[in-house]
1. Report, by residue number, each residue of the stretch 260-281 that is under 21 Å from P47 (Cβ atoms), in a loop (DSSP other than H, G, I, E, B) and touching a Lys or Arg at 6+ places or on another chain (Cβ under 9 Å).
2. Taking the stated definitions as given, is L25 under 26 Å from E196 (Cβ atoms) and either within 16 Å of the ligand (Cβ to nearest atom) or more than 20 Å from the chain's Cα centre (by Cα) (or both)?
3. Out of curiosity, is D49 at positive phi, touching a helix residue (DSSP H, G or I) at 6+ places or on another chain (Cβ under 8 Å) and of a type in the set (D, E)?
4. Out of L172, L189, which single residue is farther than 21 Å from P128 by Cβ, assigned to a strand (DSSP E or B) and at pLDDT 95 or above?
5. Quick one: which residue in L182, L201, L174 is within 16 Å of the ligand (Cβ to nearest atom) and either closer than 20 Å to H261 by Cα or in contact with an Asp or Glu (Cβ under 7 Å, 6 or more places away or on another chain) (or both)?
Amino acid sequence: MSTAIQTDEQSGTRPERRPTGRTVLMCRPEHFTVVYRINPWMNPAEPTDTSLALAQWQVLYDTYLGLGYDVHLIDPIPGLPDMVYAANGGFVIDGIAYGARFTYPERAPEGPAYMDWFRAAGFDVREPEEINEGEGDFLLVGETILAGTGFRSHSHSHEELARIADREVVTLRLVDPSFYHLDTAVAVLDATPGQEHVAYLPTAFDAASLAVLRERFPDAILVNETDAAVLGLNSFSDGYNVVIASRATDFERQLREHGYHPIGVDLSELLLGGGGVKCCTLELRR
Ligand code: ARG
C-alpha cells in the first residue's frame, strides 16, 4: 500500500478544475521575422525561419480547435512582422474592444488594423488615448484586471481601461526587461470569480507589486527562472487545460499537481521575437 500525500483535492479545499469555452483571435505568422529589436529576445542578426514559425503556430491553432475553442483570424499585413502576437491587439471585455496604442513605432500600425477587425466583428471599439499593448499587459482574473507597466503600457492607460471596462484595475510594475509584458510574468490559470488562481515569476516585479500579488493570490504557483526563461508563463488556460511552452517542465509538473491538464507546444521560432503561447492569443469576451 502506498502512503499518499494528502493533497488539497483530497482534503476538499481545492476547487474542481473545469474547462470553460473560449473565443480567441489569432494571426497567422505569414510575415513573421525579426528585423528590429524592441525587447531583449530579439536579435535581427539571427536568422528566422518563417515556414517553421507557421508550422509551429499551426500546432497551437489546431490545439485550440481540438479543445473546442472558437478561433477567429485576422489577416496578417506585410511589413508588420510582430502582428502574430495578437494579444497586443487590444483588450476585449463585455463586447467592448479597448484598442492598443503601441510603444514603438515599428508596431504602431497594428493598433488601427486590430481596431478595424474588432469593428467589423461587431465590437464596440474604444480608441485609446494612452499607450497600451492590450492583453499583453492586461489580464482579467475574476472581476479584476491586472495591469502591467514599466516597459510598455503606460500607467495612464490603466486608468483609461478602468473607466472603459468599469472594473478594478490593479497596477503591477515590471522590472526585468526580459519580462516586459505582464503576460510573460503572470499566467491566469483560473479567472472564475471566487476561485481566482494565477502563476507568476516573483523576480519580475518591484517590491510593492510583489506584495500585492502575495496578498491577493496566497496560493499562486511560483514559477522558476528556468521555466520563465522559455516564456513558460506565457500560457493560455481555460480553467482546466493549460497550453504552455513544452520546455517549461517544472511548471508542467506544478500544473498537474494543482489539478490542471497542461498541454505543451513548441513555439521556439516565435520565441525569437520574444513571444509565446499567450502572445499569439487574444481573448474575445462578448
Ligand atoms: N516582438 C514583440 C514585441 O516586442 C513581441 C510581443 C509579445 N507579446 C506579448 N503579449 N508578450 O512587442
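1. Scanning the stretch 260-281 gives a single hit, D266.
2. yes
3. So D49 does not fit the description; no.
4. Every option except L189 fails the conditions.
5. The unique qualifying residue is L182.
The values are calculated or read from the model by the stated rules, or taken from the named source; none is laboratory data. All values reported here derive from a predicted model rather than from experimental measurement. We place every Cβ from the backbone using ideal geometry, glycine too, and count neighbours over all the protein chains shown.
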